[in-house]
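Here's the structure, in structure tokens; my notes come after.
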Amino acid sequence: MGYVAVKGGQEAIANAAELVEYYRLRAATPPIEIEQIRTQMRLLVDKVMGEGSLYAPDHAALAIKQNEGDVFEAAFVLRAYRATLNREFASEILNTREMFIRRRISAAFRDIPGGQILGPTRDYSHRLFDPALATETLHSVEAFLNAIDCKIDLAKIAQIPAYGKVIDLLQAEGLLLPRDNSDRRVADVTREALKFPCPRSASLQMMARAETGGLMCLGYSTMRGFAAGGHGTVGELRVGDVPVRVKDPRGRVRYLGKVTLTECEMVNSAKGSKRAANVPYLSVGYGLCFGQNETKAICMGMLDNSLREPNEANPANSQEFTLYHTEGVESYGFTNHLKLPHYVTFQSGLDNLRESMQRTLASYAGLTVEPAAK
Amino acid sequence: MIENTKFQSAYNFAFLDERTKREIRRKILKAVAVPGYQVPYSSPEMPIARGWGTGGLHITLAIIGREDTLKVIDQGSDASVNACSLRQFIERMTGCATTFDSAAASLIQTRHRIPEEILTEQQILVFQVPQPEILRSVERHENKTRLMHAEADYSKLWVSLYEAYVRYGSLMRGAGYPVRVNGRFMMSPSPIPRWDVPNLSGARCLYLFGAGREKRIYAVPPHTTVEPLEFEDVRFRVEDWHGTLCAYSDQGQAFLDEIYEEDSTRKFVVNDSNFLDKLRGGPRPPQRLFQNPQ
């Protein structure tokens with residue numbers, strides 16, 4: 001072919017792919033195993049599964065390895081894979097009251113029925129380096145695990161009950177704003193483009209898939225005055241395993257397995273309806289995401305609240321702003337498309353600019369010349 | 001440990017599953033039936049990033065058949081890295097024949113250009129669209145722009161053109177010049193240069209537009225009137241190189257790239273890579289040319 005085709009785009013791509021693989025491996029250290037990532041990078045895997053919108057720890061771990069730990073890329077790989085899967089079933093509605101609780105806290109009450117369970121968290125650890133980890137060995141890991149095993153009473157684990165929810169208390173007392181729940185539409189944001197205003201189901205789905213940092217940015221903004229109501233209170237935050245069931249073609253409900261979820265109910269003051277505008281009700285914002293990702297669940301809860309009070313003046317009160325711009329895979333892709341060549345569009349703009357500039361400069365020149373001529 | 005087979009399931013012909021293809025085809029039919037109207041569609045994630053041609057890919061993969069011959073261009077060039085990447089992907093997923101020859105292709109996916117050579121009834125041109133909403137520059141809220149389209153309320157767009165004229169002495173719209181399709185919908189022609197805009201009107205081929213990130217499909221069917229917005233006394237104009245000729249073919253009357261040499265001198269070269277190859281190799285292929293008003 002002619003001159004342009006020899007620019008060698010194809011070859012450049014192949015070389016770039018090979019080179020980036022070389023960068024991943026050039027230090028010649030032992031390869032990280034998928035199982036190591038899945039287990040020792042647990043929170044990263046959870047984040048990638050949430051943003052990748054697919055509960056698949058092994059796949060998430062592979063995506064993390066393949067992209068040298070780039071969370072955006074890893075979530076993207078998971079999403080792209082997810083989009084190729086046929087949806088054979090829709091699960092029965094998950095009942096988070098059945099959750100096997102690993103962690104459960106309420107900031108709203110000192111004590112709650114069943115008790116506060118701090119569970120696995122670094123909330124109260126001091127952010128200091130742990131130099132021992134630099135020389136950690138399989139031997140030291142086993143010693144630690146043996147010490148823990150001695151403390152576990154298997155009989156007690158079997159007795160762990162399911163816990164009621166904190167918001168049940170508020171509901172029973174009639175403190176919660178009665179919501180119009182007539183909109184029972186269940187949107188599917190993976191099969192239908194959003195139309196605004198969108199039903200709450202679509203809004204919650206979008207946020208459950210959203211990028212954690214993006215949600216935090218807007219969630220944080222609601223607490224700094226860019227939404228009415230100040231900061232809410234964590235009614236309940238729980239992390240644990242919830243059974244998933246589907247109905248088979250004969251109508252029998254079948255147990256599939258468990259998924260780890262983080263669920264958060266953010267309690268905030270709410271504006272009453274027109275009829276009872278002065279009654280200071282509470283409202284509950286709901287957050288739910290895969291794995292243990294508490295920042296995301298809390299921010300989602302805050303934003304669920306703020307999105308139900310539309311106000312175009314604040315990003316967090318605008319469905320369009322919040323849902324479009326926290327969508328990680330889309331914003332990441334479009335931001336990076338700026339690296340593609342744009343010389344045709346740029347040329348087209350230059351053409352206008354040059355002409356307009358000449359015209360304007362010529363008119364200025366005319367102005368300076370004119371008085372002199374007089 | 002993971003079994004090796006777990007990540008190696010084969011993909012369907014043309015990557016998308018058949019249900020998704022059907023859904024996209026239905027939306028394409030609707031788009032063809034209502035020229036210029038943006039039809040929302042599912043827009044599943046692709047292995048290519050958002051903003052890199054996913055909308056175009058959805059359309060191409062939904063309509064491509066085994067007997068199709070494919071051409072992919074980016075900024076007019078078959079060799080641009082992203083064009084190569086997309087071509088390679090579609091080729092891998094379909095096994096279809098590919099070509100650089102604009103006349104030989106039955107399906108052309110493009111970013112930011114319409115080939116110079118006249119396209120025929122046998123061809124479909126698929127545009128990659130970054131921002132399908134022509135009203136976005138004057139109204140940022142999607143629910144409002146949809147309403148404006150429904151009511152054919154385009155006053156804000158006209159006012160923005162008028163304001164540009166008052167301020168700068170011209171309409172100052174570069175690529176992506178606003179057009180009215182079939183006397184009804186205002187449409188973004190995707191960021192093609194103004195040079196290409198007249199070729200949208202009354203064409204023999206079908207034009208399909210895919211905006212993946214924004215999840216919209218729209219179309220300009222063959223022989224449809226497409227008018228660039230202009231005032232009676234301020235007319236639409238295409239880019240003008242004032243008689244400059246291409247440094248490689250000594251010919252003009254094509255969209256030219258401005259190329260800077262090592263010593264910062266500049267030269268102009270025909271942008272459409274296949275058109276340039278043909279200019280250098282033989283007779284000039286047929287073109288539709290627009291004359292700027294005097």
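Being touching a helix residue (DSSP H, G or I) at 6+ places or on another chain (Cβ under 6 Å) and more than 8 Å from chain B (Cβ to nearest Cβ) is the filter here; which residues of the stretch A:311-344 pass it?
Within the stretch A:311-344, A:Asn311, A:Pro315, A:Ala316, A:Asn317, A:Gln319, A:Phe321, A:Thr322, A:Leu323, A:Thr326, A:Gly328 qualify.
Could you please find all residues in the stretch B:203-213 being crowded, with 24+ Cβ neighbours inside 10 Å and of a type outside the set (A, V, I, L, M, F, W, C)? Talk me through it step by step, then tell me what you get.
If we filter the stretch B:203-213 for residues that are crowded, with 24+ Cβ neighbours inside 10 Å, which is where we start, we get B:207-213.
Listed by number, the residues that qualify are B:Tyr207, B:Gly210, B:Gly212, B:Arg213.
Restrict the check to the stretch B:112-127 and report whether at least one residue is under 30 Å from A:Glu73 (Cβ atoms) and hydroxyl-bearing (Ser, Thr, Tyr). Give the derivation first.
Of the residues in the stretch B:112-127, the ones under 30 Å from A:Glu73 (Cβ atoms) are B:112-113, B:126-127.
Checking which are hydroxyl-bearing (Ser, Thr, Tyr) leaves us with none.
Taking every residue of the stretch B:112-127 in turn, none turns out to be under 30 Å from A:Glu73 (Cβ atoms) and hydroxyl-bearing (Ser, Thr, Tyr).
Suppose we filter the stretch B:13-46 for residues that are in a loop (DSSP other than H, G, I, E, B) and either of a type in the set (D, E, K, R) or in contact with a helix residue (DSSP H, G or I) (Cβ under 8 Å, 6 or more places away or on another chain) (or both); how many remain? Show your work before the answer.
Of the stretch B:13-46, the ones in a loop (DSSP other than H, G, I, E, B) are B:13-14, B:16-17, B:34-38, B:41-46.
Going one step further and asking which of them are either of a type in the set (D, E, K, R) or in contact with a helix residue (DSSP H, G or I) (Cβ under 8 Å, 6 or more places away or on another chain) (or both), we end up with B:13-14, B:16-17, B:37-38, B:41-46.
Here the count works out to 12.
Which of the numbered conditions does A:Asp58 fail, given that it passes all the others? Conditions: (1) more than 10 Å from chain B (Cβ to nearest Cβ); (2) over 15 Å from A:Gln292 (Cα atoms); (3) among the acidic types (Asp, Glu).
If we test A:Asp58 against (1) more than 10 Å from chain B (Cβ to nearest Cβ); (2) over 15 Å from A:Gln292 (Cα atoms); (3) among the acidic types (Asp, Glu), just (1) comes out false.
Can you find even one residue in the stretch A:144-153 that is surrounded by 14 or more Cβ atoms within 10 Å (Cβ to Cβ) and over 28 Å from A:Gln205 (Cα atoms)? First the steps, then the outcome.
As a first pass, look at the stretch A:144-153 and keep what is surrounded by 14 or more Cβ atoms within 10 Å (Cβ to Cβ): none.
Looking through the stretch A:144-153, none of the residues is surrounded by 14 or more Cβ atoms within 10 Å (Cβ to Cβ) and over 28 Å from A:Gln205 (Cα atoms).
Is it the case that the stretch A:224-236 has a residue that's β-branched (Val, Ile, Thr) and touching a helix residue (DSSP H, G or I) at 6+ places or on another chain (Cβ under 6 Å)? Quick ask: steps written out before the conclusion?
First, the residues of the stretch A:224-236 that are β-branched (Val, Ile, Thr): A:233-234.
Then drop every residue that is not touching a helix residue (DSSP H, G or I) at 6+ places or on another chain (Cβ under 6 Å), which leaves none.
Within the stretch A:224-236, none of the residues are β-branched (Val, Ile, Thr) and touching a helix residue (DSSP H, G or I) at 6+ places or on another chain (Cβ under 6 Å).
In this structure, is A:Ser348 at the interface with another protein chain (Cβ under 8 Å from one of its Cβ atoms), crowded, with 22+ Cβ neighbours inside 10 Å and either in contact (Cβ under 8 Å) with a residue 12 or more places away in the chain or farther than 25 Å from A:Leu78 by Cβ (or both)?
yes
Please state which one of B:Ala10, B:Ala49 is in a loop (DSSP other than H, G, I, E, B), under 30 Å from A:Val189 (Cβ atoms), at the interface with chain A (Cβ under 8 Å from one of its Cβ atoms) and without any contact (Cβ under 8 Å) to a residue 40 or more places away in the chain.
On the way: B:Ala10 fails: at the interface with chain A (Cβ under 8 Å from one of its Cβ atoms).
None of the other options fit; the residue is B:Ala49.
Here are A:Asp111, A:Asp168: which of them is out of contact with any Lys or Arg (no Cβ under 6 Å at 6 or more places or on another chain), under 30 Å from A:Val267 (Cα atoms) and surrounded by 10 or more Cβ atoms within 10 Å (Cβ to Cβ)? Give the steps one after another, and end with the answer.
On the way: A:Asp111 fails: surrounded by 10 or more Cβ atoms within 10 Å (Cβ to Cβ).
Exactly one of A:Asp111, A:Asp168 is out of contact with any Lys or Arg (no Cβ under 6 Å at 6 or more places or on another chain), under 30 Å from A:Val267 (Cα atoms) and surrounded by 10 or more Cβ atoms within 10 Å (Cβ to Cβ), namely A:Asp168.
Do we have A:Ala108 as modelled with pLDDT under 95 and outside any loop (DSSP other than H, G, I, E, B) here?
Values: modelled with pLDDT under 95: yes; outside any loop (DSSP other than H, G, I, E, B): no.
Spelling it out, it is not the case that A:Ala108 is modelled with pLDDT under 95 and outside any loop (DSSP other than H, G, I, E, B).
Only helices (runs of 4 or more DSSP H) wholly contained in the stretch A:1-73 count here; list those with 3 or more residues that are modelled with pLDDT of 95 or more, out of contact with any Ser or Thr (no Cβ under 9 Å at 6 or more places or on another chain) and under 26 Å from A:Glu263 (Cα atoms).
Working: elements: A:9-25, A:34-40, A:42-52, A:57-66.
Where helices (runs of 4 or more DSSP H) fall fully within the stretch A:1-73 and carry at least 3 residues being modelled with pLDDT of 95 or more, out of contact with any Ser or Thr (no Cβ under 9 Å at 6 or more places or on another chain) and under 26 Å from A:Glu263 (Cα atoms), they are A:34-40, A:42-52, A:57-66.
Could you tell me whether any residue of the stretch A:168-181 is in the same structural domain as A:Ser283 (by TED's automatic domain parsing), modelled with pLDDT under 90, assigned to a loop (DSSP other than H, G, I, E, B) and basic (Lys, Arg)?
yes
Going through the stretch B:128-144 one residue at a time, which ones are among the acidic types (Asp, Glu) and part of a loop (DSSP other than H, G, I, E, B)?
Going through the stretch B:128-144, the residues among the acidic types (Asp, Glu) turn out to be B:133, B:139, B:142.
Matches in the stretch B:128-144: B:Glu133, B:Glu139.
With (1) within 17 Å of B:Ile192 (Cα to Cα); (2) away from every other protein chain (no Cβ under 14 Å) as the list, and B:Ala83 as the residue in question, which single condition is left unmet?
If we test B:Ala83 against (1) within 17 Å of B:Ile192 (Cα to Cα); (2) away from every other protein chain (no Cβ under 14 Å), just (2) comes out false.
Does B:Arg26 count as buried (at least 19 other Cβ atoms within 10 Å of the Cβ), closer than 30 Å to A:Arg87 by Cβ and within 14 Å of another protein chain (Cβ to nearest Cβ)? Spell out how you get there, then give the answer.
Values: buried (at least 19 other Cβ atoms within 10 Å of the Cβ): no; closer than 30 Å to A:Arg87 by Cβ: yes; within 14 Å of another protein chain (Cβ to nearest Cβ): yes.
No.
Is at least one residue of the stretch A:277-293 within 25 Å of A:Pro57 (Cβ to Cβ), in contact with a strand residue (DSSP E or B) (Cβ under 8 Å, 6 or more places away or on another chain) and assigned to a helix (DSSP H, G or I)? Don't jump to the end; show me each part of the working.
Restricting attention to the stretch A:277-293, the residues satisfying the condition of being within 25 Å of A:Pro57 (Cβ to Cβ) are A:286-293.
If we keep only those that are in contact with a strand residue (DSSP E or B) (Cβ under 8 Å, 6 or more places away or on another chain) as well, we get A:286-293.
Among the residues that remain, those that are also assigned to a helix (DSSP H, G or I) are: none.
For the stretch A:277-293, residues within 25 Å of A:Pro57 (Cβ to Cβ), in contact with a strand residue (DSSP E or B) (Cβ under 8 Å, 6 or more places away or on another chain) and assigned to a helix (DSSP H, G or I): absent.
Based on this model, can you work out whether A:Leu303 counts as away from chain B (no Cβ under 14 Å) and either touching a helix residue (DSSP H, G or I) at 6+ places or on another chain (Cβ under 8 Å) or modelled with pLDDT of 95 or more (or both)?
Details: away from chain B (no Cβ under 14 Å): yes; either touching a helix residue (DSSP H, G or I) at 6+ places or on another chain (Cβ under 8 Å) or modelled with pLDDT of 95 or more (or both): yes.
It is true that A:Leu303 is away from chain B (no Cβ under 14 Å) and either touching a helix residue (DSSP H, G or I) at 6+ places or on another chain (Cβ under 8 Å) or modelled with pLDDT of 95 or more (or both).
Residue by residue, here is whether (1) aromatic (Phe, Trp, Tyr); (2) farther than 20 Å from B:Arg204 by Cβ holds:
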{"position": "B:Tyr218", "(1), (2)": "yes, no"}
{"position": "B:Phe231", "(1), (2)": "yes, yes"}
{"position": "B:Arg237", "(1), (2)": "no, yes"}
{"position": "B:Cys246", "(1), (2)": "no, yes"}
{"position": "B:Arg266", "(1), (2)": "no, yes"}
{"position": "B:Asp272", "(1), (2)": "no, no"}
{"position": "B:Arg288", "(1), (2)": "no, no"}
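Test each condition in (1) charged (D, E, K, R); (2) more than 25 Å from B:Ser170 (Cβ to Cβ); (3) within 14 Å of chain A (Cβ to nearest Cβ) for B:Arg237 and report the one that comes out false.
(2)
When B:Tyr207 is evaluated against the numbered criteria (1) touching a residue at least 40 places away in the same chain (Cβ under 8 Å); (2) in a loop (DSSP other than H, G, I, E, B), which criterion, by number, is the only one it fails?
(2)
Does B:Gly169 satisfy being closer than 29 Å to B:Glu45 by Cα and within 12 Å of chain A (Cβ to nearest Cβ)? If you could, list the steps in order and put the result at the bottom.
Details: closer than 29 Å to B:Glu45 by Cα: no; within 12 Å of chain A (Cβ to nearest Cβ): yes.
Taking the combined requirement at face value, the residue does not satisfy it.
For A:Pro341, all conditions in the list (1) in a helix (DSSP H, G or I); (2) over 26 Å from B:His141 (Cβ atoms) hold save one; what is the number of the exception?
If we test A:Pro341 against (1) in a helix (DSSP H, G or I); (2) over 26 Å from B:His141 (Cβ atoms), just (1) comes out false.
Any residue in the stretch B:159-170 that is at positive phi sitting within a Cβ distance under 8 Å of a residue that is part of a helix (DSSP H, G or I) and surrounded by 12 or more Cβ atoms within 10 Å (Cβ to Cβ)? List the pairs, counting only those 6 or more apart or interchain.
Short answer, once both residue conditions are applied: B:Gly169/A:Ser356; B:Gly169/A:Arg359; B:Gly169/A:Thr360.
Residue by residue through the stretch A:105-123, note down the ones that are within 21 Å of A:Gly232 (Cα to Cα) and hydroxyl-bearing (Ser, Thr, Tyr).
Correct list: A:Ser106 only.
The values are calculated or read from the model by the stated rules, or taken from the named source; none is laboratory data. Since we're looking at a predicted model, the values are computed, not measured. A quick note on method: Cβ atoms are made from the backbone with ideal geometry, for glycine too, and the neighbour counts reach across all protein chains shown.
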